[in-house]
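Enquirer: Dropping the structure in here first, questions after.
The values are calculated or read from the model by the stated rules, or taken from the named source; none is laboratory data. Given the structure is predicted, the values throughout are model-derived calculations rather than measurements. Using ideal geometry, Cβ is built from the backbone for each residue, glycine included, and neighbour counts are taken over all protein chains shown. These area figures cover heavy atoms from the full protein model, side chains too; ligands, DNA and RNA do not enter into them. Shrake-Rupley method; radii C 1.70, N 1.55, O 1.52, S 1.80 Å.
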Amino acid sequence: MTEEASGGVVVYWRPMCPYCMRLLTQLRFTGLEFSKVNIWRDPDAAAFVRSVADGNETVPTVTVAGRAMVNPSKGELLDAVAAYAPHLLAGREGG
């Protein structure tokens with residue numbers, strides 16, 4: 001997972017998930033760059049999500065510089081980026 005290795009943000013999601021859609025929509029307006037992985041199309045991603053979500057396929061699950069967060073809010077996610085991958089916030093419009 002290239003984004004994780006480079007200290008990036010990866011959003012694990014699945015179609016029809018209202019929580020995923022909400023987070024992805026909110027992130028669209030932050031200017032933060034991230035990768036999306038559909039766990040229904042990637043069995044390894046689904047296994048990863050289960051490994052960090054007590055055996056469940058709870059989405060969205062997000063990694064920030066390799067650190068997993070299960071169903072984070074936009075604020076929690078941006079706080080994690082500020083703490084673990086602040087280089088991703090540099091040059092963002094509108095903070």
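Enquirer: Looking at segment 26-78, which chymotrypsin sites (Phe, Trp or Tyr not before Pro) are in a loop (DSSP not H, G, I, E or B) and have at most 12 other Cβ atoms within 10 Å?
Expert: F29
Enquirer: For M21 and E57, calculate 0.36 nm times their separation in residues minus their Cα-Cα distance, and state this gained length in nm to one decimal. Present the calculation step by step, with values, prior to reporting the outcome.
Expert: Working: separation 36, 0.36 × 36 = 12.96 nm, distance 1.58 nm.
Once the chain is fully extended between M21 and E57, it gains 11.4 nm.
Enquirer: At 1.4 Å probe size, with no ligands or nucleic acids counted, give the accessible surface of D44 in Å², nearest ten.
Expert: Solvent-accessible area, nearest 10 Å²: 120 Å².
Enquirer: Measuring from a point 7 Å past the Cα of N38 along Cα-to-C-beta, which residues in segment 12-32 have an amide N at less than 17 Å?
Expert: 12-22, 24-25
Enquirer: Ignoring the sites themselves, what is the longest stretch of the chain with no GluC sites (Glu not before Pro) in a DSSP loop and at most 13 other beta-carbon atoms within 10 Å?
Expert: 34-92
Enquirer: Let me know the charge dipole size of segment 31-70 about its Cα centre in debye, to the nearest 20, where only the beta-carbon of Lys, Arg (+1) and Asp, Glu (-1) is charged. Write out the running numbers ahead of the final one.
Expert: Numbers: 4 positive and 5 negative charges, 9 e Å.
In debye, rounded to 20, segment 31-70 gives about 40.
Enquirer: Give me the accessible area of Y19, 1.4 Å probe, in Å² rounded to the nearest 10.
Expert: We get 120 Å² for Y19.
Enquirer: Taking the Cα centre of the chain as the origin, how large is its charge dipole in debye, to the nearest 20, when only Lys and Arg (+1) and Asp and Glu (-1) carry charge on their Cβ atoms?
Expert: Dipole magnitude for the chain comes out near 240 debye.
Enquirer: Using the Karplus equation 6.51 cos²θ - 1.76 cosθ + 1.60 (θ = phi - 60°), what ³J(HN,Hα) coupling, rounded to whole Hz, does each residue of segment 68-82 give in order, writing x for Gly and Pro?
Expert: Each residue's phi maps through the Karplus curve to give 8, 9, 9, 6, x, 7, 4, x, 4, 5, 5, 5, 5, 4, 4 Hz.
Enquirer: Could you sort R67, R50, R28 by their accessible area in this structure, using a 1.4 Å probe and putting the largest first? Before the final figure, lay out the partial values.
Expert: Details: R67 115, R50 90, R28 170 Å².
The ranking, largest first, comes out as R28, R67, R50.
Enquirer: Related question: Which value, in Å², gives the accessible area per residue of the chain when a 1.4 Å probe is used on the protein heavy atoms?
Expert: 58
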